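Input: a single structure, listed below in C-alpha cells.
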Amino acid sequence: MIKKYRSFLESKESIDDICQKYGIENYTIKSDGTVDVDWSVHLRNYHLDKLPLKFGVVTRDFICAHNNLTSLEGCPTKVGWNFDCNNNELTSLEHGPVHVGGSMYKMVGNKIASFEGFPTKCRKGLYTFTKDNPIHEIRDYLNVLQGADIINSLNEWEVIDPDEMTVSYSRLSEVYKDMGRWENIIPKPEDIKFKNYTLTD
C-alpha cells in the first residue's frame, strides 16, 4: 500500500511538472493518471511526436496543431468547445475525442485515410479538412448523403480499408440503403472514380 501510494505521488509530481511546462491550469489528476482540465489546453507548435499526458475531459478548446503527431493517443475523450489537430502526420483520428461540443474540428494538413475515430457526437459542420487528406474525396463524393449517421454507417459497414486504400462497392451500396431515400440512386461501379482509392467488389 505504501509503495503504491508513493508511486502515485511520484506520478503526480511528474504530471504537475508537465502541466507547468505547457501552461496547463485548472487541472485535476485522477487516480489512473488521467488529467481533466477545466479550461483550454494549447499544445500548438511544440514539435511533439506524442501527447505529453493522457487527458480525460477538457471543458474548453483542445489544440494540438502544428506538431509531428502520428497518433491522437492521449487526447481527451470529451472536448467542451473546439478541437484542432491541424498540420500533423496523422493518418487516422483513432484515439481522438468521442464528443466535441464546439463548432470546429480541424484536421487540415494531415494524411487521414478513413473515418475511423471520428467523434460520435458533434455539432453540424464540424469537420474541416483539405485535399491533403485522402478521405477528402470520399467526403466530397458522398456529399449527397446528408445527415450525421453517414460516417457511422461507413464505419459500421467497414467500407474503407485505409491500409489497402480500397473502397468496397458492395458495402458502399449498403450505406446508401441505410440512408433510406437514397437507395434508388446507388451509382454503378463504372461511375465511381477515386484518385486515392481503388474500388473493389
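Could you tell me the calculated FRET efficiency between residue 194 and residue 70, based on Cβ-Cβ distance and R0 = 22 angstrom, to the nearest 0.05?
0.35
Measure up 106/195; 111/195; 111/188; 106/177 against 21 Å on the Cα-Cα distance and list the ones that go over.
106/195; 111/188; 106/177
So if we plug the beta-carbon distance of residue 42 and residue 170 into 1/(1 + (r/R0)^6) with R0 = 41 Å, what FRET efficiency do we get, rounded to 0.05?
0.40
Determine the sum of side-chain charges near residue 96: Lys and Arg each +1, Asp and Glu each -1, restricted to other residues whose C-beta is under 12 angstrom from that of residue 96.
Every neighbour counted, the sum reads -2.
Could you work out how much longer the chain between residue 54 and residue 77 gets when fully extended? Use 0.36 nm per residue separation minus the Cα distance between them, nm to one decimal.
Here the answer is 7.3 nm.
Compute the FRET efficiency between residue 89 and residue 16 as 1/(1 + (r/R0)^6), taking r as their Cβ-Cβ distance and R0 = 25 Å, and round to the nearest 0.05.
Result of the calculation: an efficiency of 0.30.
With the Cα gyration tensor of the chain giving a ≥ b ≥ c as the square roots of its eigenvalues, does the rule (a/c under 1.5 for rounded; else a/b larger than b/c for prolate; else oblate) give rounded, prolate or oblate?
Prolate, since a/c reaches 1.5 and a/b exceeds b/c.
Any read-out appearing in this document is the output of simple, stated calculations on the displayed coordinates, not a laboratory observation. Here the structure is a predicted model, which means the values were calculated and not measured. Cβ sites come from the backbone with ideal geometry, for glycine too, and all protein chains shown count toward neighbours.
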